[in-house]
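One structure is given below, encoded as structure tokens.
The values are calculated or read from the model by the stated rules, or taken from the named source; none is laboratory data. Computed from a predicted structure; not experimentally measured. In this analysis, Cβ positions are derived from the backbone assuming ideal geometry, glycine residues included, and neighbour counts consider all displayed protein chains. The protein model used for the area step is the full one, side chains on, heavy atoms only, and it has no ligands, DNA or RNA in it. Shrake-Rupley method; radii C 1.70, N 1.55, O 1.52, S 1.80 Å.
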Amino acid sequence: MTLIQMAVSSNVDMDKLERLMAMQKDWLAQQAKEAFFEALSAFQEDVPEIKKLRKVNYKSERTGRDTKYNFANLGDVEKQIKAAMRKHGLSKRWEIEEDGDSHGTLVRVACLVTHVKGHTERTELSGSLDDSGAKNLIQQKGSTISYLERYSL
């Protein structure tokens, strides 16, 4: 910023000023990227092992066998990582897109993790609607989105 102020006070031509500003923008972006990866590394040291707090137990209609397992739903995962993310200046959000054609609907979910200094990394997953069970169309979309959000995070 000091260089730009000096350039303005010295009546530097606009081309040079624009190049200086572009250099500053690139430098700041690189600093933000470095800060992001330092924070991510520190986060990975602090994040707890995710506890699988939800239980599933049902008889499969397809195989007739009992199915039992534990899993961590999205809300549980978010609660377990929230403090470590905040401690390291990280936040997350999702972008959701949907494409449909005669072959069905494809849902794309991108998880964006951002550092307070501005750098963002993106992980994108996609899938077709979850038509298992007796879900209506809205439930199919919701199930797919929730699943993709959890796995992209």
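Separation of the range 91-105 and the range 24-85, taken as the distance between their Cα centroids, equals 21 angstrom. Among Thr63, Thr123, Thr114, whose mean-square fluctuation peaks in a Gaussian network model of the chain (Cα, cutoff 10 Å)? Result: Thr63 has the largest fluctuation of those listed. For Lys25 and Arg93, the FRET efficiency from 1/(1 + (r/R0)^6), where r spans their Cβ atoms and R0 equals 30 Å, is about 0.80. What the Cβ-Cβ distance of Val12 and Glu124 gives, at R0 = 25 Å and to the nearest 0.05, is a FRET efficiency of 0.05. Classify the chain as rounded, prolate or oblate, taking a ≥ b ≥ c as the square roots of the eigenvalues of its Cα gyration tensor: rounded when a/c is under 1.5, otherwise prolate if a/b is larger than b/c and oblate if not. Taking the square roots of the gyration eigenvalues as a ≥ b ≥ c, the chain is oblate.
Using the Cβ-Cβ distance between Leu74 and His103 with R0 set to 30 Å, the FRET efficiency from 1/(1 + (r/R0)^6) comes to roughly 0.60.
For the range 67-122, the relative contact order comes to 26 percent (Cα pairs under 8 Å, sequence separation of at least 6). By the helix-only formula, in which each DSSP H run with n ≥ 4 contributes -39500 (n - 2.57) and the sum is divided by residues, the chain has a 222 nm mean residue ellipticity of -15500 deg cm²/dmol. Taking all protein chains into account, the per residue accessible area for the chain stands at 73 Å² (1.4 Å probe). Within the assembled protein chains, the solvent-accessible surface assigned to Met23 is about 130 Å², based on a 1.4 Å probe. Annotation: amide H of Glu98 within the under-5 Å range of Arg108, sequence separation 5 or more or interchain, hydrogens built in the peptide plane.
Under the convention that each Lys and Arg Cβ holds +1 and each Asp and Glu Cβ holds -1, the size of the dipole of the range 1-67 around its Cα centre is about 760 debye.
Using a probe radius of 1.4 angstrom, the carbon and sulfur fraction of the accessible surface of the chain is 51%.
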